[in-house]
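Working notes, beginning with the structure itself.
Laboratory data are not the source of any read-out in this text; all were calculated from the coordinates shown. Keep in mind it's a predicted model, so treat the numbers as computed, not measured. Quick reminder, even Gly has a Cβ in these numbers, built from the backbone with ideal geometry, and neighbours come from all protein chains shown.
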Amino acid sequence: MTADSAPEDPTPDSAAPGRPARARWPWPVVVYVLAAVLLGGAGGVVWRTTTPLPGYTVQPDGQAVISELALTQLFVADARYAVIGLVGGLLLGLLAVAVLRRRGWWVVVWAAAAPILAGLAAWGAGVVGAVPLKDRIAHAVAGQSEPVDLALHSPVAVLLWPFAAMLVVLLWSAFAPEPARERSADREPSADRERSVQGADGGDPGVEQPDQVVRGDLELE
């Protein structure tokens, strides 16, 4: 058997005849979802430790009071969570483009679902495990101030995570350069059409070829 007729070795990805193709493990999706949850948890810790909260002051008679000015600061927690959500969503959008860009339109699905999980993880990491305000006031002494419980008063702020991630993905899909493989695939049909209009002798299709008459083909009467 010559070298030219030697069979080619099958590639690892090709399946043998009669066998179903093995499904590839979607490790990029798993990595992206885990990274989103971890990033959301980290964002929740940042939200919990950096948000300034107003407090109730314990009076000598055991009552706890709060000023009207402090009440206006209750929504600082929502604003801080919104900022963290926008930054985290942008990071997840960049990560989706880097890891899932070869997944086709599925990148849009995962860029919306995983950031929602990240937003919920941030919410949970910020509020779970905190000692309730009433328990802290019950053990406080007169003159002591206890901050209010960290809470997200506007749950719709969770949607800022997927909004920022989707914004990055849409901008990438609109302005990213076209892959070289797709450009070459687009040029091949046009080249085939150009070759099809050429004559069989390879001449220029726009130039008329003169008729050639061989002696003996015509008989004069």
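Using the Cβ-Cβ distance between residue 139 and residue 72 with R0 set to 35 Å, the FRET efficiency works out to roughly 0.80. Amide H contacts of residue 149: 133, each under 5 Å away and 5 or more positions distant or on a separate chain (H built 1.01 Å from N in the peptide plane; Pro and chain starts excluded).
What the phi angles of the stretch 165-174 give under the Karplus curve with 6.51, -1.76 and 1.60, with θ = phi - 60°, is a coupling list of 5, 5, 4, 5, 5, 5, 5, 5, 5, 7 Hz, glycine and proline written as x.
For the peptides 147-155, 116-124, 66-74, what is the packing order when you average, over each peptide's residues, the other Cβ atoms within 10 Å and list the highest mean first? Write down the numbers at each step before the final one.
Working: 147-155: 14.1, 116-124: 21.7, 66-74: 12.1.
Descending mean neighbour count gives 116-124, 147-155, 66-74.
Extent along the principal axes, Cα only, for the stretch 48-142: 66, 25, 16 Å, with the longest axis given first.
Need the full-extension length gain, residue 159 to residue 102, defined as separation in residues times 0.36 nm minus the C-alpha distance. One decimal, nm.
Details: separation 57, 0.36 × 57 = 20.52 nm, distance 2.53 nm.
This chain segment gains 18.0 nm when fully extended.
For the stretch 113-129, 3J(HN,Hα) computed residue by residue from phi via the Karplus equation (6.51, -1.76, 1.60; θ = phi - 60°) reads 6, 5, x, 5, 4, 5, x, 5, 5, 5, 4, x, 5, x, 10, 6, x Hz, glycine and proline entered as x.
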